[in-house]
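Working notes, structure below.
Rule-based calculations on the coordinates, nothing more; no lab input. Keep in mind it's a predicted model, so treat the numbers as computed, not measured. Please note: Cβ atoms are built from the backbone with ideal geometry, for glycine as well, and neighbour counts cover all protein chains shown.
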């Protein structure tokens with residue numbers, strides 16, 4: 001039995017034991033979250049208060065800040081953030097948006113500073129964010145030059161964090177994957193770890209993004225990140241920067257097993273369905289497979305797996321921690337003893353290279369980048385890594401020749417087998433009677 005099959009069987013066995021309990025716990029948690037969201041939406045429907053529809057508002061002052069954001073980034077995440085802070089500021093001051101821009105500079109400064117100070121006990125960075133949002137709002141509405149608001153920001157230490165964070169080791173990540181409640185959860189954890197995808201980006205992947213690769217034999221599946229993902233999840237594809245990354249052997253196998261189980265359970269998978277859909281059982285079965293995971297659901301999946309894996313700091317493990325574990329692998333020694341080029345590391349992280357380096361970086365050759373990725377140490381078995389070293393060396397040797405390295409290996413093995421058979425022919429079977437001299 002293969003290593004992948006053994007791991008999958010182990011995961012399924014454990015899943016049968018803990019799945020029922022886990023589903024009850026997760027359902028209770030999600031019900032509580034839904035109630036909180038409902039209450040919050042009733043009391044703080046900021047879009048209705050600000051009379052916003054898309055990127056337009058009935059308030060001229062709100063239109064001004066939306067126009068500024070469209071020119072600057074047109075990020076749906078930024079739009080929501082700015083509108084929410086503006087709504088909370090209106091609630092804090094008891095004024096409507098158009099009334100705010102009629103204030104005198106010193107009045108606006110006093111109110112904005114008081115609003116920012118109200119968050120100081122939570123986080124200095126959050127206070128500074130509120131100041132940045134309000135400054136942008138007033139600047140967009142004519143508070144420039146002499147009328148510019150002068151607000152005091154808070155000192156935020158470089159390593160300041162509100163909540164603790166723990167980056168799992170490679171062994172702990174695989175422990176989490178083996179402890180996952182389902183094949184879907186196992187695939188999610190290994191994909192997060194081996195691709196470095198952000199929470200929102202992973203949830204925005206559609207089946208059609210990887211469907212054509214399921215028929216191929218590539219062990220490192222390419223995942224493309226593109227700006228249109230924002231239509232599914234506003235925070236996906238951060239900064240609108242397109243790039244691509246890959247999945248390791250174990251993650252690719254886990255995705256294939258998950259999709260096979262999903263097809264058996266739900267039937268045909270449509271191209272526009274999410275790769276990892278919600279399993280929230282309060283949703284109709286037919287709608288469930290079309291619903292994208294929420295950020296909180298992904299948090300629960302990761303934390304639950306970390307807890308079951310016996311990691312003492314499981315509470316401090318978030319989906320983003322697996323991205324940082326991935327970055328550790330990028331910086332570590334490769335299977336052939338070398339190190340990955342710094343520019344390639346940054347590209348795999350989805351970062352823009354500094355200065356003129358980004359326009360000159362060659363990202364067009366996906367197979368070459370796949371070869372670079374295949375040299376990373378994701379495997380946990382020594383024998384598996386030896387074969388990966390061989391495949392990686394052959395891939396570099398036959399680069400730009402148009403020849404398939406795996407086919408070369410197969411031809412070599414067949415040739416070796418044929419040669420050995422010719423040099424050492426199998427002796428004809430000898431019957432006991434022939435041995436005793438009683439042959440024909």
- Note on the structure: Highest mean packing first, using Cβ neighbours within 10 angstrom, the peptides 261-270, 356-365 sort as 261-270, 356-365
- Based on the mean of other Cβ atoms within 10 Å per residue, sort peptides 398-411, 282-295, 323-336 so the most packed one is first. 323-336, 282-295, 398-411
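What ranking do 46, 412 get, fewest neighbouring Cβ atoms within 10 angstrom at the top?
The fewest-first ordering by Cβ neighbours comes to 412, 46.
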- Task: Return the distance in nm (one decimal) between the two label points of a simple spin-label model at residue 122 and residue 328, each offset 7 Å from Cα along Cα→Cβ.
- Result: 3.1 nm
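I need the calculated FRET efficiency for the pair residue 412 and residue 216, taking r as the beta carbon distance and R₀ as 30 Å, to the nearest 0.05.
Efficiency, from the Cβ-Cβ distance: 0.85.
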- Message: Under the 0.36 nm per residue contour assumption, what length would be gained going from the current alpha-carbon distance of residue 132 and residue 349 to full extension?
- Response: 75.4 nm
- Over what distance in Å are the Cα centres of the range 104-127 and the range 164-212 separated? 39 Å
- Task: Would you calculate the separation in nanometres between label points at residue 290 and residue 272, each defined as 7 Å from the Cα along the Cα-to-beta-carbon direction?
- Result: 0.8 nm
